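**Q** Have a look at this one before I ask anything.
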Amino acid sequence: MGKFWWPLTIGLAVVSILLRQNLLFLLSLLLALMGGASLLWARVCLSGVTYQRRFGSARLFYGEETDLFIEVVNAKPLPLAWLRAEDEFPAALAVTPARLVATHQPTRKRLVNLLTLRWYERVTRHYRVRGVRRGAWAFGPVELSSGDIFGFVVRREVTPGADMLVVYPRIVALTALGLPARRPFGDFSTPRRLSEDPLRLNGARAYAPGDSMRHIHWKATARRQELQTKQFDPSASHPLAIFLNVNTFERLWEGIDTALQEYAITTAASVARWAWDSRHPVGLYANTVMQPGAQPIAIRPGSHPDQLLHILDALARAVDYGRWPIESTLQREANRLPYGATLIVITAVLGDSLARTLLDLRGRAYGVALITLGQAGAARRIPGVQHYHIGGEKEWHELAALALV
């Protein structure tokens, strides 16, 4: 409301009284009523107004769609002549039939709804959201603005809360990656019998060169006065640990090849799905963190019913830049893995340090498989390590055109 409104109204009232002009007094009274109504409307227009988003599902597989309901409620006896809601959406997702407008952030867009609400009225708008890109996407905040019917005063209020929609990475058949359909990682054989389960003790035997010192049976050794090694029953399953390198260049300042990175993440998700379908305990490790929270990605191999969903959720939330070399993750986590685990390393970078780490792990009787992308070690072979090279950007773009599994 203009700063001259009330002085003008009071002035007209005084002049009308002095001149005894009834019409002029009625005009001043009308202006006073309009001003009072405008102030009251502006003060309470956003009181009792709520804005809520509801997703049909908060998690989507790549390519799936879900419902998005936006519900606006005016829970007071005063109607709203107009209400403008500007809600921030991720630009990467497809929202229909909404018309999104650009913002100052290239990764964000804005959904604008202009409404008229009666007293105690609820209005619901229905949209469809399609998961066309992997990630954890935030919807919000929303800015609500309203005012009086005359447009003199506008009140704005920002609701900081955001809703999260997680889109899992693309999952394809291993054959689409160029991997064998049956036993893609062999029989999980290792230099020693890693199919034994240390939780299934089955006696002791005489120590033989090459036996791990971790499995020395000290009580039997004391009784027999010679070194004894624990014997174990065979394990019923072979745990798999997937190690994902999210970096696509050896040096961080070189940037990220987003196509290769998505290819690597899709490969990790597809291998995890294959392992889960094959009833192998499967886990995931990566040289990055999840957002929000900056929690490192370290999921131990397991057979929990939700294990695959935990892995896919971590891949969806993975931050683009690796925080440390993948070989550091391998060296740190290898000793914590279940006995008999096979390590599957997925990387677009294969330097000398990583090659030495893989050789060391193979020498420590781990099963090791390597999947490379891009220019990483297409012709390089590491003794004792099963190696698959699945191509680069060309193969990724061809894969992106395939139907989902």
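The values are calculated or read from the model by the stated rules, or taken from the named source; none is laboratory data. In this text the structure is predicted, and so the values were computed from the model without any measurement. Please note: Cβ atoms are built from the backbone with ideal geometry, for glycine as well, and neighbour counts cover all protein chains shown.
**Q** Find the residue count for segment 117-145, including only residues that are buried (at least 17 other Cβ atoms within 10 Å of the Cβ) and of a type in the set (Val, Ile, Thr).
**A** 2
**Q** Can you spot a residue in segment 157-176 that is farther than 30 Å from TYR263 by Cα, modelled with pLDDT under 90 and not hydroxyl-bearing (Ser, Thr, Tyr)?
**A** Yes, segment 157-176 has at least one match.
**Q** Let me ask something additional. When you look at ARG125, is it modelled with pLDDT of 95 or more, over 25 Å from the mean Cα position of the chain (by Cα) and either within 21 Å of TYR62 (Cα to Cα) or in the same structural domain as ASP67 (by TED's automatic domain parsing) (or both), yes or no?
**A** Against the criterion (modelled with pLDDT of 95 or more, over 25 Å from the mean Cα position of the chain (by Cα) and either within 21 Å of TYR62 (Cα to Cα) or in the same structural domain as ASP67 (by TED's automatic domain parsing) (or both)), ARG125 qualifies.
**Q** Right, another one. Name the residue that is farthest from ALA376 (Cα to Cα), counting only residues in segment 240-259 that are more than 16 Å from the chain's Cα centre (by Cα) and crowded, with 22+ Cβ neighbours inside 10 Å.
**A** Looking at residues that are more than 16 Å from the chain's Cα centre (by Cα) and crowded, with 22+ Cβ neighbours inside 10 Å, I get LEU240.
**Q** Identify all residues within segment 292-344 that are polar (S, T, N, Q) and either buried (at least 18 other Cβ atoms within 10 Å of the Cβ) or within 16 Å of LEU244 (Cβ to Cβ) (or both); write none if there are none.
**A** Correct list: GLN295, GLN307, SER328, THR329, GLN331, THR342.
**Q** If you don't mind, there's one more thing I want to ask. Going by what's in this entry, would ALA275 be described as touching a helix residue (DSSP H, G or I) at 6+ places or on another chain (Cβ under 9 Å), buried (at least 23 other Cβ atoms within 10 Å of the Cβ) and modelled with pLDDT under 95?
**A** Values: touching a helix residue (DSSP H, G or I) at 6+ places or on another chain (Cβ under 9 Å): yes; buried (at least 23 other Cβ atoms within 10 Å of the Cβ): yes; modelled with pLDDT under 95: yes.
When the stated conditions are applied, ALA275 passes them.
**Q** Going through segment 88-120 one residue at a time, which ones are among the charged types (D, E, K, R) and in contact with a Pro (Cβ under 8 Å, 6 or more places away or on another chain)?
**A** Within segment 88-120, GLU88, ARG108, LYS109, ARG118 qualify.
**Q** Considering only segment 237-257, state which residues are without any contact (Cβ under 8 Å) to a residue 60 or more places away in the chain and in a helix (DSSP H, G or I).
**A** Matches in segment 237-257: TRP253, GLU254.
**Q** Can you name the residue in segment 371-391 that is among the hydrophobic types (A, V, I, L, M, F, W, C) and either over 11 Å from VAL345 (Cβ atoms) or modelled with pLDDT under 90 (or both) and is also surrounded by the most Cβ atoms within 10 Å (Cβ to Cβ) among such residues?
**A** By that ranking, first place goes to LEU373.
**Q** Could you grab me the full set of residues in segment 261-273 that are within 18 Å of the chain's Cα centre (by Cα) and of a type in the set (A, V, I, L, M)? If you could, list the steps in order and put the result at the bottom.
**A** Applying the first criterion (within 18 Å of the chain's Cα centre (by Cα)) to segment 261-273 yields 261-270, 272-273.
Across segment 261-273, the qualifying residues are ALA264, ILE265, ALA268, ALA269, ALA272.
**Q** Still on this model: Checking the structure you have, find out if any residue of segment 268-283 is among the hydroxyl-bearing types (Ser, Thr, Tyr), within 23 Å of TYR388 (Cα to Cα) and in contact (Cβ under 8 Å) with a residue 24 or more places away in the chain.
**A** yes
**Q** Kindly provide the set of residues from segment 145-170 that are within 28 Å of the chain's Cα centre (by Cα) and under 16 Å from GLU86 (Cβ atoms), ordered by number.
**A** Listed by number, the residues that qualify are VAL158, THR159, PRO160, GLY161, ALA162, ASP163.
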